[in-house]
1. Taking interchain pairs and intrachain pairs at least six residues apart, which have beta carbon atoms under 6 angstrom, with the first residue in region 266-279 and farther than 21 Å from residue 253 by Cβ and the second crowded, with 22+ Cβ neighbours inside 10 Å?
2. Among (1) under 18 Å from residue 179 (Cα atoms); (2) in the same structural domain as residue 197 (by TED's automatic domain parsing), where does residue 93 come up short?
3. With respect to the numbered conditions (1) surrounded by 15 or more Cβ atoms within 10 Å (Cβ to Cβ); (2) more than 28 Å from residue 152 (Cβ to Cβ), which one is the sole condition not fulfilled by residue 89?
4. Tally time: how many residues in region 235-287 are closer than 30 Å to residue 167 by Cβ, crowded, with 16+ Cβ neighbours inside 10 Å and over 16 Å from the mean Cα position of the chain (by Cα)?
5. Answer yes or no as to whether residue 110 is surrounded by 16 or more Cβ atoms within 10 Å (Cβ to Cβ), in a loop (DSSP other than H, G, I, E, B) and touching a residue at least 12 places away in the same chain (Cβ under 8 Å).
6. So in region 182-194, with the set limited to residues that are at pLDDT below 90 and surrounded by fewer than 24 Cβ atoms within 10 Å (Cβ to Cβ), which one is farthest from residue 7 (Cα to Cα)?
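The values are calculated or read from the model by the stated rules, or taken from the named source; none is laboratory data. The model shown is predicted, which means the values in this text are computed figures rather than measured ones. Because the Cβ atoms are built from the backbone with ideal geometry, glycine has one as well, and the counts that use them run over all protein chains shown.
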């Protein structure tokens, strides 16, 4: 897996030569980047020309590509869809997952998300982190009492002042949405790369959403983005600057705790998908491994 995250913000031509990405801007100097070094490619400018060969090579090197809309927020994603060696087997495993197992898996995901929210508040010296930890202990199978939503109400009021998650005019929401979209795309790559069908979720079940499972598995990652947004200086801003986006995308290469080891968030996406496969194969929620927000600040 590559390690570089490449953002293209200027009009240019992109092509492939000698297993390298060639960047030729309309103005200024070009550059070459080995494909084996790249993990994520983000296209923010609408005046970028590329061809099908580039897409083919991105797939071969397991590179995820994001396109952005007029507001420079990720709006589309292209990720490799390699044939997994046991693709059919895993598809049948997914179809056969029992409702009780789905509910127990979702319970673990919600508990992990709330605990990561608690850790985010604790690191930032915010109130109510202990209350969130208590709520996480009370999450029932399938989150029958909707502890996730109850915790969220406390969490957002504790994390930000004068904040409404549904306020599209708040620049903090733009930053959150940008970070979440990047995590979602990387989680989608890991889900497909593990042989899973992304449309079959364990909790999300929208028939019009091809990424139900992705939306399930990315939930514990959200507090990582929340933490990073809380550290950003948003005063007086009405839109995200390039440096803001670089900062958010950089979270993919920051470390978290996964199964008692430090790994990047990008690697954690892959490991979580692998552990999910193991969980449904062995019908055991103990196999599910979920990333944990570190005790020390991540994104200084």
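1. none
2. (1)
3. Result: residue 89 fails condition (1) only.
4. Here the count works out to 2.
5. Against the criterion (surrounded by 16 or more Cβ atoms within 10 Å (Cβ to Cβ), in a loop (DSSP other than H, G, I, E, B) and touching a residue at least 12 places away in the same chain (Cβ under 8 Å)), residue 110 does not qualify.
6. That would be 194.
For every residue, the table says whether it meets (1) at pLDDT below 95; (2) surrounded by fewer than 20 Cβ atoms within 10 Å (Cβ to Cβ); (3) outside the structural domain of residue 281 (by TED's automatic domain parsing); (4) not in a helix (DSSP H, G or I).
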site	(1), (2), (3), (4)
139	no, no, no, yes
161	yes, yes, no, yes
196	yes, no, no, yes
202	no, no, no, yes
205	yes, yes, no, yes
